[in-house]
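Just below is one structure, and these are the notes that go with it.
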Amino acid sequence: MINVLKSKRESSRFQILVEIAAHQPNLRQKEVADSLELTPQAISEYIKELVMEGLVTTDGRMRYRITKEGVEWLLESAASLKQYARVVMEDIISHVSVWSALAETDLIKGYRVSLEMRDGLLYANNNEGIEANGITISDAFAGEDVGVSDLKGLISLEEGRIVLCKVPRIQSGGSRNVDSELLRDKVSGSMMVGALGIEALVALRRAGREPDVIFGAKEAAVEAAYHGISSVIVSVDEQIPRILERLESEGLKYELFDITLI
């Protein structure tokens, strides 16, 4: 067990140093106390200790700064936490977790099988040369669901991208003011298509494409991208800023096209 997890004291010192580093030089002790569920008096005592140990400096007017030694201690502790988390995730959880997969061939309980992600679904098979693998927890026929534990390696998965097509509101012409040829080009192929707004739905139908998702199109596209599936969202213009904000916060790749007729 690493030091910052051994006791409430060490954990509190670590978190207080993080707060000082994030908000220096103006640190509101009451806000820190509320966050850590400690009294302001306790926070004050902890800070006094940190100052005495040379991890924090103060000008005596409730203004605190983390020192070079404090930064080094914080980085060292954070690195230990990161390493500990990696051990938990890779060496412990992967052994006790059971993953659900689709059997591509008949499988026998206790055998180590290869794992591949395709079209957003996890498949278990006997293919050689696949990095990710695990042990089946039961027999399964091809096409059945099967549990796999003791996961080893990394499952190769490329994030899907999202294409946004902006449609004008009805006040600006709605679907009648959409370049149907351009829209038809953007939704051609096998990508999932979602519609946000009546104008978007009608525009898609005019382009000869019925949407796969009408309700929850944004959430469906985000979830699909995490499973390696690309999609198109056709949306009224007023919804675009909120969609972009969500995609930016999730760190997903996207392209934006204005399909309004010029």
- Task: Determine whether the stretch 62-74 contains at least one residue that is over 30 Å from the mean Cα position of the chain (by Cα), surrounded by 12 or more Cβ atoms within 10 Å (Cβ to Cβ), among the β-branched types (Val, Ile, Thr) and not in a helix (DSSP H, G or I).
- Result: yes
- The condition from (1) under 20 Å from Asp237 (Cβ atoms); (2) surrounded by fewer than 21 Cβ atoms within 10 Å (Cβ to Cβ); (3) of a type outside the set (Ser, Thr, Tyr); (4) in contact with a Ser or Thr (Cβ under 6 Å, 6 or more places away or on another chain) that Phe215 misses is numbered (4)
- Message: Suppose we keep only residues that are surrounded by 15 or more Cβ atoms within 10 Å (Cβ to Cβ) and acidic (Asp, Glu) within the stretch 143-194. Which one would you say is nearest to the chain's Cα centre (by Cα)?
- Response: Glu159
- So the strands (runs of 3 or more DSSP E) completely within the stretch 142-208 holding 2 or more residues that are in contact with an Asp or Glu (Cβ under 6 Å, 6 or more places away or on another chain) are 162-167, 192-196
- Item | Given (1) in the same structural domain as Glu238 (by TED's automatic domain parsing); (2) more than 26 Å from Ala220 (Cβ to Cβ), number of the condition Asn126 does not satisfy | (1)
- Task: Using the structure shown, decide if Ala224 is in contact (Cβ under 8 Å) with a residue 60 or more places away in the chain, under 29 Å from Tyr123 (Cα atoms) and either surrounded by 14 or more Cβ atoms within 10 Å (Cβ to Cβ) or not β-branched (Val, Ile, Thr) (or both).
- Result: yes
- Note on the structure: Ser94 fails exactly one of (1) modelled with pLDDT of 85 or more; (2) among the hydroxyl-bearing types (Ser, Thr, Tyr); (3) under 19 Å from Asp150 (Cβ atoms); (4) surrounded by 16 or more Cβ atoms within 10 Å (Cβ to Cβ), namely (1)
- Among Leu36, Leu50, the single one that is at pLDDT 85 or above and either among the basic types (Lys, Arg) or closer than 22 Å to Glu76 by Cα (or both) is Leu50
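Residues checked against (1) over 23 Å from Tyr226 (Cα atoms); (2) surrounded by fewer than 14 Cβ atoms within 10 Å (Cβ to Cβ); (3) at pLDDT below 95:
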{"residue": "Arg86", "(1), (2), (3)": "no, yes, yes"}
{"residue": "Ser100", "(1), (2), (3)": "no, yes, yes"}
{"residue": "Arg112", "(1), (2), (3)": "yes, yes, yes"}
{"residue": "Leu121", "(1), (2), (3)": "no, yes, yes"}
{"residue": "Glu128", "(1), (2), (3)": "yes, yes, yes"}
{"residue": "Glu131", "(1), (2), (3)": "no, yes, yes"}
{"residue": "Gly134", "(1), (2), (3)": "no, no, yes"}
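The values are calculated or read from the model by the stated rules, or taken from the named source; none is laboratory data. Worth saying up front: this structure is predicted, and the values here are computed from it rather than measured. Note: ideal-geometry Cβ built from the backbone for every residue, glycine included; neighbour counts use all protein chains shown.
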